[in-house]
Amino acid sequence: MAEVDGGWKFAQCFGDKGDVEDISEVDIISTVEFDHSGDYLATGDRGGRVVLFERNDGKKGCEYKFHTEFQSHEPEFDYLKSLEIEERINKIRWCKRQNSAHFLLSTNDKTIKLWKVFEKSLKVVSEKNITDGLARPSLNTGSLKLPKLTHHDSIVAAVPRKVYANAHAYHINSISINSDGETYLSGDDLRINLWNLDISDQSFNIVDIKPANMEELTEVITASEFHPSHCNVFMYSSSKGTIKLCDMREAALCDRYAKMFEEEEDPSSRSFFSEIISSISDVKFSSDGRYILSRDYLTLKIWDINMDSKPVETINDHDHHRCKLCDLYENDCIFDKFECNVSGDGKYPFSS
């Protein structure tokens, strides 16, 4: 779905009764992410804001109520490259919950931030000796009262704990938290970096497909993700329609992949648009790590991690657009990117 439609329809589902014509571009939702329990939902928009929703147990069915919101990113300007950096949130990822606080990563094109969201108690002084500006405290120790703090109200606060910046020369398209709970990866068009959550000023480059001569560039990285249980395994997809599975135990720089998943194209069905629509925009592991779900322009494909020759199932998602590719190319809609995911039980793939 297009971002404009998705943004206002999502708002309507969550009780926003405003007129769609009154919604500005900065209010359009750019990313959505559930936490591991499914009880919380985070959305990011083009205005750099993150809004959290909490499951409303008081309602029948699946309904979420507003929890809190905060400004995650602001517009910036790179003076060295004379480049404006938008505040638009590209991705949000929840860290596994360790206590009552929530931790989540959010990123725009260049900067990743780690946020702590927690409930904060506001307290006020309930007892004091001076009742007004003119009164003087009694010298009688029996009537002397010690100040006491009592609970006044609770608010949900969000504070940035880490800022991971200056590591990507190109637009960040992926962040993925490792199963070890200590590291995460971030990917842009040509590189994938490995971070430690506690270290914000250093990262390690684990994939680099940038050619020595940029004129020889033939593909870009479109998405990347860690395996859900094996902390040394990750995958990334490319604009050539391939998925590469890498093992960090083999080498520090994973320039060679362990497996590549690619479906051979039928020469009879090849057209001018074949290369564009075969570009994979998103990939996800199933919860058990056995299957890979990929999303290109027209289809969803399910791959068995033990069989890289062809997908076990292909789901036509936008098949009715095949006869309209010329029109979609002229208005640039053919370059729209779609996301995919797998339900928590691993049975149901779905896509935007």
Matching residues in the stretch 24-54 (more than 17 Å from Arg93 (Cβ to Cβ) and crowded, with 18+ Cβ neighbours inside 10 Å) number 3
Practice problem: Could you tell me whether the stretch 86-100 includes any residue that is modelled with pLDDT under 95, β-branched (Val, Ile, Thr) and part of a strand (DSSP E or B)? | Solution: no
Counting only residues that are among the basic types (Lys, Arg) and either part of a loop (DSSP other than H, G, I, E, B) or open to solvent by less than 30 Å² (accessible area, probe 1.4 Å) (or both), the stretch 63-85 contains a total of 1
Only unsatisfied item for Ala167, checking (1) modelled with pLDDT of 95 or more; (2) out of contact with any Leu (no Cβ under 8 Å at 6 or more places or on another chain); (3) surrounded by 12 or more Cβ atoms within 10 Å (Cβ to Cβ), is (1)
Just a yes or no: is a residue in the stretch 231-244 of a type outside the set (A, V, I, L, M, F, W, C), closer than 19 Å to Ile280 by Cβ, assigned to a loop (DSSP other than H, G, I, E, B) and under 21 Å from the mean Cα position of the chain (by Cα)?
yes
Pairs returned, first residue in the stretch 25-43 that is over 14 Å from Ala101 (Cβ atoms), second residue that is open to solvent by 60 Å² or more (accessible area, probe 1.4 Å) and in a strand (DSSP E or B), beta-carbon separation under 7 angstrom, 6 or more apart or interchain, are Asp39/Arg55; Leu41/Phe34
Counting only residues in the stretch 201-215 that are open to solvent by 40 Å² or more (accessible area, probe 1.4 Å) and not in a strand (DSSP E or B), the one nearest to Val163 (Cα to Cα) is identified as Asp201
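Each row is one residue, and each column tells you yes or no for (1) at pLDDT 75 or above; (2) under 30 Å from Leu194 (Cα atoms); (3) in a strand (DSSP E or B); (4) open to solvent by less than 100 Å² (accessible area, probe 1.4 Å).
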{"residue": "Asn129", "(1), (2), (3), (4)": "no, no, no, yes"}
{"residue": "Gly133", "(1), (2), (3), (4)": "no, no, no, yes"}
{"residue": "Ser138", "(1), (2), (3), (4)": "no, no, no, yes"}
{"residue": "Thr141", "(1), (2), (3), (4)": "no, no, no, no"}
{"residue": "Leu144", "(1), (2), (3), (4)": "no, no, no, yes"}
{"residue": "His152", "(1), (2), (3), (4)": "no, no, yes, no"}
{"residue": "Val159", "(1), (2), (3), (4)": "yes, yes, yes, yes"}
What about Ser281, is it among the hydroxyl-bearing types (Ser, Thr, Tyr) and under 20 Å from the mean Cα position of the chain (by Cα)? yes
- [ ] Please verify whether the stretch 41-52 includes one or more residues that are at pLDDT below 90, more than 22 Å from Asn178 (Cβ to Cβ) and assigned to a loop (DSSP other than H, G, I, E, B).
- [x] no
Flagged in the stretch 287-341 as of a type in the set (Gly, Ala, Ser) and closer than 18 Å to Ser239 by Cβ, in numbering order, are Ser294
**Study point:** Condition check for Glu225: assigned to a strand (DSSP E or B) and either within 24 Å of the chain's Cα centre (by Cα) or closer than 26 Å to Cys95 by Cβ (or both)
**Key:** yes
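The values are calculated or read from the model by the stated rules, or taken from the named source; none is laboratory data. Note that this is a predicted model, so its numbers are computed, not measured. Glycine also receives a Cβ, built like all others from the backbone with ideal geometry; neighbour counts cover every protein chain displayed. To get the accessible areas, we keep the full protein, side chains included, count just its heavy atoms, and leave off ligands, DNA and RNA. Shrake-Rupley method; radii C 1.70, N 1.55, O 1.52, S 1.80 Å.
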